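One structure below.
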Amino acid sequence: MRNIKVPYGYEPAEALSKGTLIYYDSFEHTSDIQLDLAVQQAEQRSFAKLVLYPLHEQSTKRMYAEPVSAYYKREDRLHEWKRDRGYHDVAIESWEGRRKKYTPVETALHHIMDTYRAPYFLYVTPDMANLLASYASFEAWIVKVRLLLSAEPDHIHPRLTQYRQRWDWVGTDAT
């Protein structure tokens with residue numbers, strides 16, 4: 001380690017980027033344009049990192065009660081998209097794929113909080129936001145994470161209304 005001399009009273013500049021934006025989705029029907037919009041939001045809102053968190057097929061089946069393609073196929077598509085676009089600051093979180101089973105949202109968030117830098121923003125579709133708000137654990141974790149919805153919701157779950165100060169949608173500049 002080198003000794004660096006700095007003037008008396010010097011304080012290092014504060015980091016301009018903040019926290020982590022986590023795109024939490026199955027990515028079954030997510031288009032390249034929607035992925036690009038997430039990157040654009042991460043850049044506009046000065047996030048240090050965008051993390052794509054694809055859900056395992058067991059998680060998706062429990063959440064939506066509909067089948068999805070294999071996890072590795074959806075993950076490969078995300079890697080291909082990232083490579084084609086040249087996005088170096090986008091991470092694809094494969095933890096749920098290694099678990100190979102249903103992962104509750106609170107377990108996924110606990111892993112994310114242990115791995116990435118705070119503050120945490122969960123980027124979700126309005127349908128996913130309403131679904132997450134319907135879970136009993138919602139009130140426990142919404143105080144630690146803010147939601148950023150990819151579009152304006154048509155209908156809002158009562159718990160989302162109760163925690164209105166904890167979420168925005170991409171059309172607002174409140175964050």
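The table for this structure:
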quantity: Cα long-axis angle, helix 105-115 against the chain (0 to 90 degrees, to the nearest 10); calculated: 20
quantity: Whole-number accessible area per residue in Å² for the chain, which is evaluated in the context of all protein chains at 1.4 Å; calculated: 58
quantity: Heavy-atom accessible area ranking, 1.4 Å probe, most first, across HIS29, HIS155; calculated: HIS29, HIS155
quantity: Within the stretch 110-131, backbone nitrogen closer than 18 Å to the virtual label 7 Å beyond the Cα of LEU37 toward Cβ; calculated: 122-131
quantity: From the coordinates shown, volume of the Cα convex hull per residue in Å³ corresponds to which of (1) 142; (2) 121; (3) 161; calculated: (3)
quantity: The chain, relative contact order in percent, only Cα pairs under 8 angstrom and at least six apart counted; calculated: 22
quantity: With at most 16 neighbouring Cβ atoms within 10 Å, loop trypsin sites (Lys or Arg not before Pro) (DSSP) excluded, longest segment of the chain; calculated: 6-99
quantity: Carbon plus sulfur fraction of accessible area for the chain, probe 1.4 Å, in percent; calculated: 50
quantity: Within the stretch 1-123: Cβ-based charge dipole about Cα centre, in debye rounded to nearest 20 (Lys, Arg +1; Asp, Glu -1); calculated: 400
quantity: Probe 1.4 Å - accessible area at ILE156, Å² to nearest ten; calculated: 80
quantity: Helix-only CD estimate at 222 nm, as mean residue ellipticity for the chain, using -39500 (n - 2.57) per DSSP H run (n ≥ 4); calculated: -11000 deg cm²/dmol
quantity: Members of LYS73/LYS101; LYS49/LYS73; LYS5/LYS49; LYS61/LYS82; LYS18/LYS144; LYS49/LYS82 lying beyond 20 Å, as alpha-carbon distances in this model show; calculated: LYS49/LYS73; LYS5/LYS49; LYS61/LYS82
quantity: For TYR135, residues with placed amide H under 5 Å, excluding near neighbours; calculated: none
quantity: Low-density loop positions, chymotrypsin sites (Phe, Trp or Tyr not before Pro), the stretch 1-91 - DSSP coil, at most 14 other Cβ in 10 Å; calculated: TYR8, TYR10
quantity: Stretch gain in nm, segment ALA136-ARG83, where the contour uses 0.36 nm per residue and the Cα spacing is subtracted; calculated: 15.3 nm
quantity: Crossing angle, helix 71-85 versus the chain [Cα axis fit, 0-90 degrees, rounded to tens]; calculated: 40
quantity: Net lengthening on full extension, GLU66/HIS111 (0.36 nm per residue, minus Cα-Cα); calculated: 13.7 nm
quantity: Euclidean distance of C-alpha centroids, the stretch 98-175 and the stretch 42-78, integer Å; calculated: 14
quantity: Gyration tensor (alpha-carbon) shape descriptor, the stretch 119-171, a/c threshold 1.5; calculated: oblate
quantity: Antiparallel %, DSSP beta bridges [both residues in the stretch 74-175], to 5; calculated: 0
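The values are calculated or read from the model by the stated rules, or taken from the named source; none is laboratory data. Keep in mind that this is a model prediction, so the values were computed, not measured. Note that each Cβ is placed from the backbone with ideal geometry, even for glycine, and that neighbours are counted across all protein chains shown. Accessible surface is based on the protein model in full, side chains and every heavy atom, while ligands, DNA and RNA are left aside. Shrake-Rupley method; radii C 1.70, N 1.55, O 1.52, S 1.80 Å.
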